[in-house]
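Please read the structure below before turning to the comments.
The values are calculated or read from the model by the stated rules, or taken from the named source; none is laboratory data. Note that this is a predicted model, so its numbers are computed, not measured. Glycine gets a Cβ as well: all are built from the backbone with ideal geometry, and neighbour counts include every protein chain shown. These area figures cover heavy atoms from the full protein model, side chains too; ligands, DNA and RNA do not enter into them. Shrake-Rupley method; radii C 1.70, N 1.55, O 1.52, S 1.80 Å.
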Amino acid sequence: MRTPAAPALAASLHVVSAAPPAGSDLPGVRAMAAAYGKKFPDAPLDSGVLSGYHAARLMGTGLAAACEAGDLTRAGVVRAHRAQSSADAGLGMPQDFSDVARPASLKTYVLRPDAEVPGGLVTAEEAREAPGVRAYVEGRTD
């Protein structure tokens, strides 16, 4: 963090995230980081890299299921993706894509800045469901 506000940010900023930090010790994150570092040694590793990798892994799983079903139409790929009710790309927590009206997970990580680690964030709290989240999601009418 190259800013005069760095000490204040390091002391009090917390980031709520559906994904672990890019420097996480989770095996899937470590494997992704190692592969990325080997391919792009001069590029920074951050949450954007992790997010893109995660999305590609989930899309690959859906495409493989659509291929297996013999239906690579748009509807077939969407159906295969929505059939994933416990998709786990090894990057944090399983996700449920079966209901388009609900988030894939109700759990979030709490992260905090750390200039010494890849991606600049570390886990302050492991993923958990915050109080009231389930009631809020289930009570929505939109």
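Mind checking which residues of the stretch 68-119 are surrounded by 14 or more Cβ atoms within 10 Å (Cβ to Cβ), among the acidic types (Asp, Glu) and either in contact (Cβ under 8 Å) with a residue 60 or more places away in the chain or out of contact with any Ser or Thr (no Cβ under 8 Å at 6 or more places or on another chain) (or both)?
Within the stretch 68-119, ASP71, ASP88, ASP114 qualify.
Could you tell me whether the stretch 51-61 includes any residue that is among the β-branched types (Val, Ile, Thr), in contact with a Gly (Cβ under 7 Å, 6 or more places away or on another chain) and more than 30 Å from ASP114 (Cα to Cα)?
For the stretch 51-61, residues among the β-branched types (Val, Ile, Thr), in contact with a Gly (Cβ under 7 Å, 6 or more places away or on another chain) and more than 30 Å from ASP114 (Cα to Cα): absent.
Within the group GLU116, GLU68, which residue is in a helix (DSSP H, G or I) and out of contact with any strand residue (DSSP E or B) (no Cβ under 8 Å at 6 or more places or on another chain)?
When all the criteria are applied, what remains is GLU68.
Go through the stretch 70-97 and give me each residue that's touching a helix residue (DSSP H, G or I) at 6+ places or on another chain (Cβ under 6 Å) and farther than 19 Å from ARG128 by Cα.
Hits for the stretch 70-97 are LEU72, GLY76, VAL77, ALA80, HIS81.
Scan the stretch 37-51 residue by residue and report those that are in a helix (DSSP H, G or I) and surrounded by 11 or more Cβ atoms within 10 Å (Cβ to Cβ).
Passing the criteria: GLY37, SER47, GLY48, VAL49, LEU50, SER51.
With the checklist (1) more than 24 Å from ALA127 (Cβ to Cβ); (2) open to solvent by less than 50 Å² (accessible area, probe 1.4 Å); (3) not charged (D, E, K, R) in hand, flag the one item THR3 doesn't pass.
Going through (1) more than 24 Å from ALA127 (Cβ to Cβ); (2) open to solvent by less than 50 Å² (accessible area, probe 1.4 Å); (3) not charged (D, E, K, R) one by one, THR3 breaks only (2).
Could you tell me whether ALA101 is modelled with pLDDT under 90 and either in a loop (DSSP other than H, G, I, E, B) or over 24 Å from ALA31 (Cα atoms) (or both)?
Considered against the rule, which asks whether it is modelled with pLDDT under 90 and either in a loop (DSSP other than H, G, I, E, B) or over 24 Å from ALA31 (Cα atoms) (or both), ALA101 comes out as yes.
So, in the stretch 52-67, of the ones that are open to solvent by less than 40 Å² (accessible area, probe 1.4 Å) and touching a helix residue (DSSP H, G or I) at 6+ places or on another chain (Cβ under 6 Å), which residue ends up farthest from VAL15 (Cα to Cα)?
The residue in question is ALA66.
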